[in-house]
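*Asks:* Right, I'll just put the structure down here and ask away after.
The values are calculated or read from the model by the stated rules, or taken from the named source; none is laboratory data. Predicted model, so just to flag it, every value in this text is computed and none were measured. Here the Cβ positions follow ideal geometry from the backbone for every residue, glycine too, while neighbour counts run over all protein chains shown. Note: areas computed on protein heavy atoms with side chains; ligands, DNA, RNA excluded. Shrake-Rupley method; radii C 1.70, N 1.55, O 1.52, S 1.80 Å.
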Amino acid sequence: MSSTPDVLVIFGAGGDLTRRLLLPGLGQLVDSGGGAGLDVSRLRLLGVGMVELSDDEWRRRVAEAFESGGATSEAAERLAREARYLRADVTSPDDLTRVFEAAAGTPAIYFALPPAVTEASVAVMQSVSVPKGTVLALEKPFGTGLQSAAHLNDLVTAVVPERRVHRVDHFLGKSTVLNLLGLRFANRLFEHSWNRDAIESVDIVFDETLALEGRAGYYDSAGALVDMIQSHLLQVLALVAMEPPSSLTADDLRGGMAQVLRATRVGPGAPASASRRARYTAGRIGERELPAYVDEQGVDPSRQTETLAEMSVTVENWRWAGVPFRLRSGKAVGAERKEIIITFRDVPHLPDGLLGVSEPSRLRISLSPEDVRLDVLMNGGGDPFDLDCVTFEARLGTADLGPYGEVLSGILTSDPTLSLRGDVIEECWRIVEPVLTSWREGNVPMEEYPAGSMGPEGWSEPLA
C-alpha cells in the first residue's frame, strides 16, 4: 500500500464547496503534473454523498468542474473518466466501512461537510477499521471555541496521527507564505530592523467590498472575528512576527508560528478597550444596492453578528514587547484593503531645516493582489529642503496553482506546510475568546456603518 494517498475521497461530493472550489482545484493540480511526490497517473477520485447519483452523472460533474478550472490535459480527462461515486451516510459505521472498501488504497478523506457532520463522522471512525496511511483533511471552522477545538483535536488524533491531519486554511497560499518569508529573512535591510526598536505598530487588514453573498448559514453564526481574524489574520501575524526558522520544513515553519501565537495576548488593556465591532446598514457599493445586514436572507438579528471587527494584540517577547498588532476585517466596505502595514518609528532626530510631510515610513505588503510598497521620506522636487513621501513598488511572485490546488497538493503529497497544527488552532481560539466573552456580556457596543462606507465614524483612529 502506498505511503502517500493515491485516492482522494470527497465527503460531501454533491455540495457547493466541491463543485466550485475542490474539483476545479483538483483539475488544475492534475493539469500541472502534480509536482514532486505526486504521481497523477495513479490518482483516483471517489465522491461520497447523500444525494443519489450514478457514476456517469458524477463523472459529468467532475468533467464540467475540471473544465471550469481550465483543466484540459489527458491526465485530468482520465481522472474524470474513471471517477466513482458512492451514496453513503458518513456518520454510519456500516456506510463508512463500505467507503473504505471502495477506496481500495491509501485514502485522503476531504470533509466538504458542515462542521457538526464532520465531527460526527470522525467520532464514528473510531469504531471502524481505517486503512493504514489514511489522511484526514478538515475545513474550517475547526471548533466553536477553545474547548470544542480541543475536543475535535482529540477525536481526530484518535483516528490518525497528527502528521496525517490537514486542517485546511486556503487563505495563505504557498506563494504568499514564501513571499513574506523571503522579504523578511533574505534581506538584511528588513530583518535588521524587524523589532520593537524600529517598528512602531503593525496593522493587518482584510476589508472586502463583498457583503454576505448568501452565506448566512455559516457567517451569521461566526461573524467577522471568527471568520477572518481568529482563523486567517492570526496566521498572518504569526508569519510577520515569528523568529527566523532554521529551514522552511513544515516542522520548523509551523513550530515558529506556534511559538509566536503562544506569546500573543489581547491588549494593551482589557478586551473591551482592545476591540470593537460593527455591522453594515443599507447602502450602495458601485452599482449594487445592499440591504442592512439584519435584513439579509437567513440572518437572525438576535445573534448580534458583527460584519466588521477590530482587535489589538501584543506579542509578549523580547522582539515585540510594546508593539501593538491591530487586526481588522470587514464586509461591505467602500474599498478593498488587504494588506500588512508595518509602520516604522520616527528617526530620533531630524536635522533642523528639513521640512515637509510628517508621515512615518511604512512598508505595505499586499495580500491580494500580491505586491509590496515602501513609503519613505525623501527630498522632493523644487525646494531641496522639503521632504516628500515617495513610494517604491514591486510585484511579488504569484502561484501557478489556485488556493485549493495548493491545498490538495499538500494533502496528496503528505506535506503539512500549509495546514494548521492542532495546538495552533487552540492558541488562536485562546487569543480571541476573551474578546468573544466581552462581546457576549455586552461590554463592547455594536456600532453601525452604511454599506459602502469605510466603517463607523471615528474608526479611522486606532484602538486605544
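*Asks:* Check cross-link reach from K174 to the lysines: straight Cα distance under 21 Å, and skip same-chain residues fewer than eight apart.
*Replies:* Hits, sequence-local ones excluded: K140, K338.
*Asks:* Turning to a different aspect of this structure: What are the ³J(HN,Hα) values, in whole Hz, obtained from phi via the Karplus relation 6.51 cos²θ - 1.76 cosθ + 1.60 with θ = phi - 60°, for each residue of region 200-213 in sequence order, with x given for Gly and Pro?
*Replies:* Residue by residue, region 200-213 yields 8, 7, 10, 10, 10, 10, 9, 9, 10, 7, 5, 9, 5, 6 Hz.
*Asks:* Moving on to the next point. How far is the Cα center of region 46-85 from the Cα center of region 295-361, in Å?
*Replies:* 44
*Asks:* Ignoring GluC sites (Glu not before Pro) that are buried or in helix or strand per DSSP, and keeping those with at most 12 other beta carbon atoms within 10 Å, what is the longest stretch of the chain between them?
*Replies:* Longest site-free region, per DSSP loop and neighbour criteria: 53-212.
*Asks:* Can you list the residues, at least 5 places off or on another chain, whose amide H is less than 5 Å from the amide H of A278, using H built in the peptide plane?
*Replies:* Placed amide hydrogens put T307, L308, E447 under 5 Å from A278.
*Asks:* Suppose all protein chains stay in the model; what accessible area per residue would a 1.4 Å probe give for region 269-346, in Å²?
*Replies:* Averaged over the residues of region 269-346, the accessible area is 42 Å².
*Asks:* Sticking with this one: Percent of accessible area on the chain owned by carbon and sulfur, 1.4 Å probe?
*Replies:* Within the chain, the accessible surface is 52 percent carbon and sulfur.
*Asks:* While we're on this one: Would you mind getting the accessible area per residue of region 171-221, heavy atoms of the protein chains only, 1.4 Å probe, in Å²?
*Replies:* Solvent-accessible surface per residue comes out at 44 Å².
*Asks:* With a sphere of radius 10 Å drawn around the Cβ of L136, what net charge do the other residues whose Cβ falls strictly inside it have (Lys, Arg +1; Asp, Glu -1)?
*Replies:* That sum, taken over residues with Cβ under 10 Å, equals +2.
*Asks:* So who's got an amide H within less than 5 Å of the one on V40, skipping anything under 5 residues away but keeping other chains? H placed 1.01 Å off N, in plane.
*Replies:* The answer is none.
*Asks:* For the chain, find the longest principal axis of its Cα atoms and tell me its angle to the long axis of helix 403-412, 0 to 90°, nearest 10.
*Replies:* The angle comes out near 50 degrees.
*Asks:* Give me the net charge for the shell around Q28: Cβ to Cβ below 11 angstrom, other residues only, Lys and Arg +1, Asp and Glu -1.
*Replies:* Net charge around Q28: -3.
*Asks:* A follow-up question, please. Taking amide H positions as placed in the peptide plane 1.01 Å from N, state which residues far from S201 in sequence (5 or more) or on other chains have amide H under 5 Å from it.
*Replies:* T343
*Asks:* Please report the antiparallel percentage of DSSP beta bridges with both residues in the chain, rounded to the nearest 5.
*Replies:* 55
*Asks:* What does the charge count near G458 come to, summing +1 for each Lys or Arg and -1 for each Asp or Glu among other residues with Cβ under 10 Å from its Cβ?
*Replies:* Net of charged neighbours comes to -2.
*Asks:* Among 414-424, 35-45, what's the highest-first ranking by average C-beta atoms within 10 angstrom per residue?
*Replies:* 414-424, 35-45
*Asks:* Can you work out the Karplus-derived ³J(HN,Hα) for every residue in region 105-117? Use 6.51 cos²θ - 1.76 cosθ + 1.60 with θ = phi - 60°, whole Hz, and x for glycine or proline.
*Replies:* Going residue by residue, I get x, 9, x, 10, 9, 9, 8, 8, 9, x, x, 5, 5 Hz, with x marking Gly and Pro.
*Asks:* Residue by residue, what Karplus-based ³J(HN,Hα) values in Hz, rounded to whole numbers, does region 438-447 have, using 6.51, -1.76 and 1.60 with θ = phi - 60° and x for Gly and Pro?
*Replies:* With coefficients 6.51, -1.76 and 1.60, one gets 4, 5, 4, 7, x, 7, 10, x, 8, 8 Hz.
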